[in-house]
Amino acid sequence: MGDNGVSEIFEEPKKGKFKTSKKTKESVLKQKSPAEFFAENKNIAGFDNPGKSLYTTVRELVENSLDSAESINELPSIEITVEEINKMEFNTMIGLVDRERVDEELYDDFESAKVREKRLAKEARLQEIQAKNASLGKKAKEPSTNTKGPKGRGETSFFKVICKDNGRGMPHDDIPNMFGRVLSGTKYGLKQTRGKFGLGAKMALIWSKMSTGLPIEISSAMKGQNYTSFCRLDIDIHRNIPHIHLHEKRENKEHWHGAEIQVIIEGNWTTYRSKILHYMRQMAVITPYSDFLFKYFSHAADKNMTIKFARRTDVMPPVPLETKHHPSAVDLLLIKRLISETSKPNLLQFLQHEFVNISKSYAERLIGEMGPDFSPKMFVKSLTSQQIVRIHQLFRQAKFDDPSGDCLSPAGEYNLRLGIIKELQPDMVATHAGSPQVFEGHPFIVEAGISLGGKDVKQGVNIFRFANRIPLLFEQGADVVTRTASKRINWNSYKINQMQDKIGVFVSIVSTKIPFKGTGKEYIGDDITEISSAVKSSIQQCCNQLKSKIMKKLQARERQDRKRNLTRYIPDASRAVYQILEEMTRDNEPKRQRYDEKDAELLAKIESEQITEKTLRDNLTQHIEKVDYEMALEYATQSGVSEEPREDIYLNALENLPDFVDFHSPVFVLRFIP
């Protein structure tokens, strides 16, 4: 055996002996493309099974559309259509002719005569038992549906998913690479992004290629373009390049801008229907400035549905800004990449301009601390591996100011509160936005909302989690929000019954780096102290607000009870007082002054029947009403609650709206229009 691990070639044996190949079998080094890797590990990107693949496809398309519209400061209007396609329609689309079965025993659902006889006998016995129970008045049990399923995948369902938006659109020449080349895009800078892997609709295209073999269709137009780009393509998974079927420009008569993507995939609507609708509802909560129209079409008319999540505000969060790396958050590979990509010639300018919170004077101090081999004017691209390691070590040990949260774009208290009210219609709601904090050199902001009551809310604690303004629906039990809300909050101390009240807990975390756990990136771990503490603090702030409202509500209820009790005793009290006054009138001797003038005047009116028992009863009732009104007015003034029931409404802005200035508050936005 040689030093290189490859077998040496020995002398050829004599005739009559066994023969060996003259060529040595050597292992061949193979390389996988990014597309091939994700195709083989599709569960990483959320394509575990047909049902979840349908859900993930809808999610990726919706989030792409939101990013596209927000990037041009356009209020998003997104239409999602999911259309069921049966096997016959699918075969027609791909040009496959259905054939009748020739060898029935070849199929997994084949049933022999003996097996069929046993099944029919079992069904007959069940029907006999059910009929006997019915005659005796017993409650019939539901027949068992546990039948042996097919060994293979059996009959599959296919779905056409269409997503149309009013976003930025895509340049005509860039469309093939934007969809047909994995790990290529415009979202790979350091900034807050909705995506988890940077795949977007590319993974939906890979799944379509794997499950149906059909291409994806894209229509796109940018603002001001008089044409619409149309592209039909699939992906060469092994080479990670697009395979273009058709790419052309078409007339844009409607002056539309945005993108429309159509993909046909294998899926399962039955098992993931609730997840998809739950996702759309939560997206409507966190983006109340968006307009969503969701349609589902099935061959069974009773299963068709159209759900509209209407826009309720035109106040949008700012677009997240790309930022530079914090020195404490970089590793050796990242430093080397920044050095290779920088346009700054020397080390001083490199430190000053490629990182945040390093001023010129501080950069000079850092260089002085690095040692005699470093100087401010040294050529940055001439740094050796040892010198780069020294820079990295100093970055880990030196003290730097925390990064600011200016680059982040949280939903905002106003939008979070409005989204909760719009979708859940709770009895009470409280929101809180924390100040920017830092973990591992990355800024993050936690926003929280707590609601009590509302429609379609179960008793107990209902968790709604968001990361960079997208809902997280899976692996909830291990998430920091779930553990904090269920184990670290003493709900009873805030006058909230954890078991009986309908509690909605909404927590949104935004950051340049969300610390997801697990391969699917579906939850945020509970092991980061900074995030765990911020989540707990934000929830407690909301609970304190609710406690104040609950106490005031209890006080108002006590006043109502007191008024009701007083009103109940008015007739008896009036009768008793009137009887006493009548007795005093009879005992009043005109010769001797026993009462002062006012009392005497009152007794005179009693005697002349100007004041009767009914008069006393009416006056007592008016007095109680007056006191109750004054107390209610004081309560409304303190809590800001109007006496009349209110309903939040949204009025569309007029066309050609002039320039305006918004002043934001946690509960309202004041707009000045010149």
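FYI, it's all coordinate maths here, none of it is from the lab. Every value quoted in this text rests on a predicted model; they were computed, and no experiment measured them. Cβ placement follows ideal geometry from the backbone for every residue including glycine, while neighbour counts extend to all protein chains displayed.
Per-residue 3J(HN,Hα) values for segment 108-121, derived from phi via the Karplus relation 6.51 cos²θ - 1.76 cosθ + 1.60 with θ = phi - 60°, read 5, 8, 5, 10, 6, 4, 5, 5, 5, 4, 5, 5, 5, 5 Hz in sequence order (x marks Gly and Pro). Packing, as the average of other Cβ atoms within 10 Å across residues, places the peptides 347-357, 34-44, 93-103 in the order 347-357, 34-44, 93-103, highest first. Residues in segment 299-313 carry Karplus couplings, in order, of 6, 8, 4, 6, 8, 5, 8, 9, 10, 10, 9, 6, 5, 10, 7 Hz; the curve used is 6.51 cos²θ - 1.76 cosθ + 1.60 with θ = phi - 60°, and Gly or Pro positions show x. When the listed pairs K308/K422; K160/K513; K52/K521; K164/K249; K517/K547 are checked against a 24 Å cut-off, the alpha-carbon distance exceeds it for K160/K513; K517/K547. For segment 313-378, a simple Cβ point-charge model (Lys and Arg +1, Asp and Glu -1, everything else neutral) yields a dipole of about 220 debye relative to the Cα centre.
Take the Cβ-Cβ distance between T271 and Q425 as r, set R0 to 22 Å, and report the resulting FRET efficiency rounded to the nearest 0.05. Don't jump to the answer; show the numbers that get you there.
On the way: r = 29 Å, r/R0 = 1.31.
Once rounded, the FRET efficiency stands at 0.15.
Which of the aspartates and glutamates could a cross-linker span from K563 if the Cα-Cα distance has to be under 14 Å and same-chain partners fewer than 8 positions apart are dropped? The qualifying aspartates and glutamates are E625, D628, E630.
Work out how much length Y629 to E609 would gain on full extension: take 0.36 nm times their residue separation and subtract the Cα-Cα distance, in nm to one decimal. Don't skip to the end; give the middle numbers.
Numbers: separation 20, 0.36 × 20 = 7.20 nm, distance 3.09 nm.
In short, 4.1 nm is gained.
Stretching D401 away from S343 to a fully extended chain increases their span by 18.4 nm, per 0.36 nm per residue minus the current alpha-carbon distance.
Between Y227 and T585, the contour length at 0.36 nm per residue exceeds the alpha carbon distance by 118.9 nm. For segment 493-582, the spread of Cα positions along the three principal axes, ordered from largest to smallest, is 88, 20, 19 Å. Taking label positions 7 Å along the Cα-Cβ direction at both K552 and K30, the computed distance is 6.9 nm, reported to one decimal.
Centre-to-centre, using Cα atoms only, segment 506-556 and segment 332-352 are separated by 38 Å.
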